Amino acid sequence: MPSGVVSSLLPAHAHADEDLDEERAERTALLSRSSGGAKPVVAHADTGKPAPQRKPGPIAGIPFGALVSGVCYCSASASMVLLNKHALASFSFTAPNALLCFQCVLAVILVKLCEAAGFVKLQPLKPKLIGVWFPVNLIFVAMLGTGFYALKEMGIGMFSVWKQLANLTTALGDLFIFKKTYPWPVWACLSLMIASAVVGASTDSRFTWVGYSWQIANCLFTSAYALHLRSVMDRVTDYTTDGGKMDEFSMVYYNNLLSIPPILVLMWFFGEYEGLMAQTALRNPSFQMVAMVGGVLGFAISFSSLWFLSQTTATIYSLIGSLNKIPIAIVGMLAFAEPTNPKNLSSIVIGLGAGVMFTQYKSKK
């Protein structure tokens, strides 16, 4: 998750695409194994022998821990997207970069509080590490910013479908830059995504060139972030305290802290400073609550994703992330009364279904 604010929108803490989910899963698995360790053994008071630890049994054949952690992960991810959409579309708030900046500041505060409480250990700020990380962070800011503007202009259904086109540009980057190959079912799924996105856009009653242009830009920046992150993750090992890759929470810290200066520049570029304090939404308790909870939920994805992956496999983790787009699209369309028609709805269903198949086939490569 890159970790941050918007992702999945996939927000700063959220999922940029399935390719990022897969890399996040691998990093999280390593972190879980290194930090999990052996659980402490509690001795029985009378015999001095280890007391048996009772664990809840499986529910419908699914291990209890995997079920609960999966529900928390999906709930946090879906709620974050819907709340950010609500904040951008329902309160006439016209300063999306200011909202993004607030959530970045909130994420930094929360992760530092977690470090102070001993829950996580962060990589300290180092000039050389910042120098390596800052270029990818600029792409990260562009990814989040374009996602915010796209989410503001588009319906959640079509936003979810077009967001998946980042898989195409990432796969092409893999092919031409990293010389990776994928089996034909992967390309077939990507073709189906393209067809559903084009048909969906042509039947979208809310179609605007502005919204779809922002979404196309978001797909390009999402892929650029995923592709560039790989080389950066290899280089940061020369500057981390333990000589390893950045863990999830250090990425949350660096991404959000280093995002604040570029976002402040974007606020100036889009003229948000002039009328920011006059925004009526800022004095609306409902908007304040939605913005705050959305930011907290985005940060909570970092913890829930760690917990969920420790209970399951990287493949299942990525698959659930893809499946989670379906209820997000359905609930979003109903909650915001987004107009649709049979052709448009069918394209959304086919596009999201193709995304699920893509994740399955890609995991078998």
Could you compute the FRET efficiency for THR208 and LEU334, with r as their C-beta to C-beta distance and R0 at 25 Å, rounded to 0.05?
-> 0.70
If each of GLU274 and LEU345 carries a label point 7 Å out from its Cα toward its Cβ, how far apart are those two points in nm?
-> 4.4
Virtual spin-label span in nm between VAL198 and SER231, 7 Å along Cα→Cβ | 3.2
Of THR181, THR312, which has the most accessible area and how do the rest follow, probe 1.4 Å?
-> THR181, THR312
Check each of the chymotrypsin sites (Phe, Trp or Tyr not before Pro) in region 107-173 and keep only those in coil by DSSP with at most 13 other C-beta atoms within 10 angstrom; list them in order.
-> PHE119
Roughly what % of Cα-Cα distances in region 258-336 sit above 15 Å, to the whole percent?
-> 76
In square angstrom, rounded to the nearest 10, how much accessible surface does LEU309 have for a 1.4 Å probe?
-> 10
Determine the shape class of region 64-364: with a ≥ b ≥ c the square roots of the Cα gyration tensor eigenvalues, call it rounded for a/c under 1.5, and otherwise prolate if a/b is greater than b/c, oblate otherwise.
-> rounded
Given the pairs LYS112/LYS245; LYS180/LYS245; LYS152/LYS180, which span a C-alpha to C-alpha distance of over 27 angstrom in this model?
-> LYS152/LYS180
Identify the residues of region 327-365 with backbone N under 12 Å of a label point that sits 7 angstrom from the Cα of ALA89 along the Cα-to-Cβ direction, or state none.
-> 329-340
How high is the FRET efficiency from ILE130 to ILE216, r the C-beta distance, R0 25 Å, rounded to 0.05?
-> 0.25
In what sequence, largest accessible area first, do ILE350, ILE301, ILE130 appear using a 1.4 Å probe?
-> ILE350, ILE130, ILE301
Suppose R0 equals 41 Å; then what is the FRET efficiency for MET357 and ARG283 from their Cβ-Cβ distance, rounded to the nearest 0.05?
-> 0.30
SER259 accessible area, nearest 10 Å², 1.4 Å probe?
-> 0
Stretch GLU115-TRP187 to full length: gain in nm at 0.36 nm per residue minus the Cα-Cα span?
-> 21.6 nm
Leaving ligands, DNA and RNA out of it, work out the accessible area of ARG206 with a 1.4 Å probe and give it in Å² to the nearest 10.
-> 80
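The values are calculated or read from the model by the stated rules, or taken from the named source; none is laboratory data. The shown structure was predicted, so the numbers you read here are calculated from the model rather than taken from an experiment. Every residue, glycine among them, receives a Cβ derived from its backbone with ideal geometry; neighbour counts consider all protein chains shown. Areas reflect the complete protein model, heavy atoms only, side chains present, ligands, DNA and RNA absent. Shrake-Rupley method; radii C 1.70, N 1.55, O 1.52, S 1.80 Å.
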